[in-house]
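A.B. asks: I'd like to ask you about the structure that follows.
The values are calculated or read from the model by the stated rules, or taken from the named source; none is laboratory data. This structure is a prediction, so every number in the text was calculated from the model and none was measured. Quick reminder, even Gly has a Cβ in these numbers, built from the backbone with ideal geometry, and neighbours come from all protein chains shown.
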Amino acid sequence: MSDILLDIKGLKQYFPVAGSKNVVKAVDDVSFYIKKGETFGLVGESGCGKTTTGRSILRLIEPTAGKISYDGEVLFDSESGKKADMLPYRRKMQIVFQDPYASLDPRMTVGDIVGEALDIHNLCSDKKERYDRIIGLLKRVGLNSEHANRYPHEFSGGQRQRVGIARALAVDPEFIVCDEPVSALDVSIQAQVVNMFEELQRDLKLTYLFIAHDLSVVNHISDRIGVMYLGHMVELAESEELIFHSVHPYTRSLISAVPIADPKVARASKRIILQGDVPSPVSPPKGCAFCTRCPFADEICTSEQPAFEEISSGHFCACHHKDLASNIDKPGKKLVIV
Amino acid sequence: MLKYIIKRILMGILTAFIVATLTFFIMNLVPGGPFLSEKAVTPQAQAAMEAKYGLDKPLFMQYLTYMGDLLHGDMGVSIKKRGFTVNDIIGNKFPVSARLGGLAVLVAVCIGVPLGSIAAFKRGKTLDNIIIVFSTAGIAIPSFLTSTLMMYFLSVKLKLLPSLGLDGPANYIMPVIALSLYPTCYIARLMRSSMLDVIGQDYMRTARAKGVSTFKSIFKHALRNAILPVVTYLGPLLASLMTGSFIIEKIFTIPGLGHEFVSAIPSRDYPLIMGTTIFFACFIIMMNVLVDIAYAFIDPRIRLK
């Protein structure tokens, strides 16, 4: 048995545009793997396909193409046409959603929201056991037994997200997609919830795919980080390597955008401010997806798509000018790691 | 909850009082009187009849007398239907209309809700388009047209169903269809739009992530959340259908309350106009209170205060 839990190859997720033949290429040819017990961070700005990637992996939306394998078993393969029955995998693979307000059914008590997952997978033999497990799960995420009979609207955002986590944990999963689980929360609560994720990982030996647009949060929790831009994976490396030795100009600009607490350091550091907007994923630029905003873009960038290559052990990057980018200020040195 | 219900009932009584007062004075403002149409009435005879029903007294005195009787539950004697009190007429006719209307509401909900849900789940497909076209048509076509067409084809041409009266179960078929067509289509459209809204909600995706089957998620999560607009509509719908439809009762010769309600007006049967109007008002108020209470049971976010 290899130590790779989840292997994604050439994942594509296209959405049709209503009233035209065009498609939105939300995720375009993304490949990566996640090792058992690690946290894989996925960052990128809004609309780059992070969330879609997370949902496609769980087949909450059916991928357009690609191959997804979990623990050696193929869940989805567009080439052979294999589509595994997901019900047994819903026990192993779970997801915590971004919006703790909308993702809980307002008509169900918190106890039932957590308990429904237990019912579907027949995890409890009687009512007593079901109740005990629900209470156990709520306590696990820092809620208490009184909360079981309340409805989601009676909770604060942070508490709701805890309910969402308890719900995901109900089936004893091995792998959890954390889809921007803290971005809807206050900064003070964010830290609590992120710490809880780490605690749960340690205690329950979980593997995470942690999606966020906040690089400092991802850096804090992740072992390896992938950077996405306009549906493509542009850089992937171990956290430290990515922060301190990033190669791709987009990664650089992301890192330089992280706020720095120390004003002296902040003043001394250069921010790489990108010009323009993200191009529409309906008509992405020919060649490199980043070429319209890249300070180093030249002819080859606008005509040819760069390959996603390994530049050093475990460090992948898709850029035509890997050498050029390394000349500019290394923003990672100034990043205060929280 | 109990406090809320008591408050609503008290408010309802006040509303009914205002309705009664307004109806009384507006009704008397309308020119004419109950005895004008009868031919060859001597002034003496007319005066005698007016005296008999108390119509010779000043209007305000009439009002006080009427309201006093109403407080005792007495809505007076019908002027046109000699020997019948208004209470009798409502007591006899209301059950007929209520049975017919109740059946029509039942049919409308049982067909409209699934139809609208199916349309939502098949959005953009042929089935959805068919349902949209038919429900729009059903809303636009007036009930007297559908009843006459049904009567012509099913009773006169094919001789399948009895055309008049309410003697047996078969007699109910056409009036119920005619009555329920509009609400069925309306509910289908309401349900379609609220279902579309619910399907797009995040908690539907959560259910899927838990492993809930599509079928189960429709009943457990989608339907419960999408039904609220239909419940809202159900209050006034029940009130208007159960108190009878003048048109349908006229066409199918059904001895219901709707017919009395309308025909009392041209004949200036003052006590009957008052009685049916107050009854209708009270019924609507009651239904709305019931709908509000039902809300609290369906949606835990709604608190009755």
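A.B. asks: From the list A:His232, A:His220, which residue is surrounded by fewer than 21 Cβ atoms within 10 Å (Cβ to Cβ), touching a residue at least 60 places away in the same chain (Cβ under 8 Å) and not acidic (Asp, Glu)? First the steps, then the outcome.
C.D. replies: Working: A:His232 fails: surrounded by fewer than 21 Cβ atoms within 10 Å (Cβ to Cβ).
Answer to the check: A:His220.
A.B. asks: When only residues in the stretch B:226-256 that are surrounded by fewer than 21 Cβ atoms within 10 Å (Cβ to Cβ) and within 14 Å of another protein chain (Cβ to nearest Cβ) count, which is farthest from A:Ala117 (Cα to Cα)?
C.D. replies: B:Val231
A.B. asks: Which of the residues that make up the stretch A:163-187 are within 18 Å of the chain's Cα centre (by Cα) and in a helix (DSSP H, G or I)? Give the steps one after another, and end with the answer.
C.D. replies: Residues of the stretch A:163-187 that are within 18 Å of the chain's Cα centre (by Cα), as a first pass: A:164-165, A:168-169, A:173-185.
Hits for the stretch A:163-187 are A:Gly164, A:Ile165, A:Ala168, A:Leu169.
A.B. asks: Identify, from the list A:Gln94, A:Gln98, the residue that is touching a residue at least 60 places away in the same chain (Cβ under 8 Å), surrounded by 19 or more Cβ atoms within 10 Å (Cβ to Cβ), in a loop (DSSP other than H, G, I, E, B) and within 12 Å of chain B (Cβ to nearest Cβ).
C.D. replies: Numbers: A:Gln94 fails: in a loop (DSSP other than H, G, I, E, B).
One residue alone meets the criteria, A:Gln98.
A.B. asks: State all residues of the stretch A:240-295 that are β-branched (Val, Ile, Thr) and more than 18 Å from A:Phe316 (Cα to Cα); if no residue qualifies, say none. Lay out the reasoning, then the answer.
C.D. replies: Looking only at the stretch A:240-295, we keep the residues that are β-branched (Val, Ile, Thr), and these are A:243, A:247, A:251, A:255, A:258, A:260, A:265, A:272-273, A:278, A:282, A:292.
Matches in the stretch A:240-295: A:Val258, A:Ile260, A:Val265, A:Ile272, A:Ile273, A:Val278, A:Val282, A:Thr292.
A.B. asks: Tell me, which residue of the stretch A:115-130 that is part of a loop (DSSP other than H, G, I, E, B) and among the hydrophobic types (A, V, I, L, M, F, W, C) is nearest to the other protein chains (Cβ to nearest Cβ)?
C.D. replies: Within the stretch A:115-130, the first condition is being part of a loop (DSSP other than H, G, I, E, B), and the residues that meet it are A:121-126.
Filter again for among the hydrophobic types (A, V, I, L, M, F, W, C), leaving A:123-124.
Numbers: A:Leu123: 11, A:Cys124: 14 Å.
Looking at the filtered set, the residue picked out is A:Leu123.
A.B. asks: Would a scan of the stretch A:103-114 turn up a residue that is more than 8 Å from chain B (Cβ to nearest Cβ), farther than 21 Å from B:Lys220 by Cβ and β-branched (Val, Ile, Thr)?
C.D. replies: Checked against the condition, which is being more than 8 Å from chain B (Cβ to nearest Cβ), farther than 21 Å from B:Lys220 by Cβ and β-branched (Val, Ile, Thr), the stretch A:103-114 yields no hits at all.
A.B. asks: Please work out if B:Lys210 is farther than 26 Å from B:Ile89 by Cβ, of a type in the set (Lys, Arg) and buried (at least 22 other Cβ atoms within 10 Å of the Cβ). Give the steps one after another, and end with the answer.
C.D. replies: Numbers: farther than 26 Å from B:Ile89 by Cβ: yes; of a type in the set (Lys, Arg): yes; buried (at least 22 other Cβ atoms within 10 Å of the Cβ): yes.
Yes; evaluated as a whole, the condition is true for this residue.
A.B. asks: Right, A:Leu143: at pLDDT 90 or above and not in a loop (DSSP other than H, G, I, E, B) or not? I'd like the intermediate steps shown before the answer.
C.D. replies: Details: at pLDDT 90 or above: yes; not in a loop (DSSP other than H, G, I, E, B): no.
Judged against the criteria, A:Leu143 is not a match.
A.B. asks: If I go through the stretch B:28-48 residue by residue, how many of them are surrounded by 14 or more Cβ atoms within 10 Å (Cβ to Cβ) and modelled with pLDDT under 80? Step through it out loud before you land on a result.
C.D. replies: Step one: filter the stretch B:28-48 for residues surrounded by 14 or more Cβ atoms within 10 Å (Cβ to Cβ), giving B:28, B:33-35, B:41, B:46-47.
Imposing the further condition that a residue be modelled with pLDDT under 80 reduces the set to B:33-35, B:41, B:46.
The qualifying residues number 5.
A.B. asks: If you don't mind, another one. Do we have A:Ser20 as closer than 30 Å to A:Arg133 by Cβ, polar (S, T, N, Q) and assigned to a loop (DSSP other than H, G, I, E, B) here? Quick ask: steps written out before the conclusion?
C.D. replies: Numbers: closer than 30 Å to A:Arg133 by Cβ: no; polar (S, T, N, Q): yes; assigned to a loop (DSSP other than H, G, I, E, B): yes.
Taking the combined requirement at face value, the residue does not satisfy it.
A.B. asks: Can you name every residue in the stretch B:54-83 that is part of a loop (DSSP other than H, G, I, E, B), under 17 Å from B:Gly33 (Cβ atoms) and touching a Gly at 6+ places or on another chain (Cβ under 8 Å)? Spell out the reasoning first.
C.D. replies: Let us first name the residues in the stretch B:54-83 that are part of a loop (DSSP other than H, G, I, E, B), namely B:54-58, B:72-76, B:78-83.
With under 17 Å from B:Gly33 (Cβ atoms) added as a condition, the list becomes B:54-58, B:76, B:78-82.
Once the filter is applied, which keeps residues that are part of a loop (DSSP other than H, G, I, E, B), under 17 Å from B:Gly33 (Cβ atoms) and touching a Gly at 6+ places or on another chain (Cβ under 8 Å), the stretch B:54-83 yields B:Leu55, B:Gly76.
A.B. asks: Which numbered condition in (1) outside any helix (DSSP H, G or I); (2) in contact with a Pro (Cβ under 8 Å, 6 or more places away or on another chain); (3) under 20 Å from B:Gly138 (Cα atoms) is the only one that B:Leu190 fails?
C.D. replies: The failed condition is (1).
A.B. asks: Would you please name the residue that is surrounded by the most Cβ atoms within 10 Å (Cβ to Cβ), looking only at residues in the stretch A:52-91 that are acidic (Asp, Glu) and assigned to a loop (DSSP other than H, G, I, E, B)? Before you say what the answer is, go through the steps one by one.
C.D. replies: Quick first cut of the stretch A:52-91, residues acidic (Asp, Glu) only: A:62, A:71, A:73, A:77, A:79, A:85.
Still in the list and also assigned to a loop (DSSP other than H, G, I, E, B): A:62, A:71, A:79, A:85.
On the way: A:Glu62: 11, A:Asp71: 17, A:Glu79: 10, A:Asp85: 8.
Once the filter is applied, the top-ranked residue is A:Asp71.
A.B. asks: List the pairs whose first member sits in the stretch A:191-217 and is touching a residue at least 12 places away in the same chain (Cβ under 8 Å), whose second member is basic (Lys, Arg), and whose Cβ atoms are under 7 Å apart, counting only residues at least 6 apart or on separate chains?
C.D. replies: Short answer, once both residue conditions are applied: A:Thr207/A:Lys36; A:Ile211/A:Lys50.
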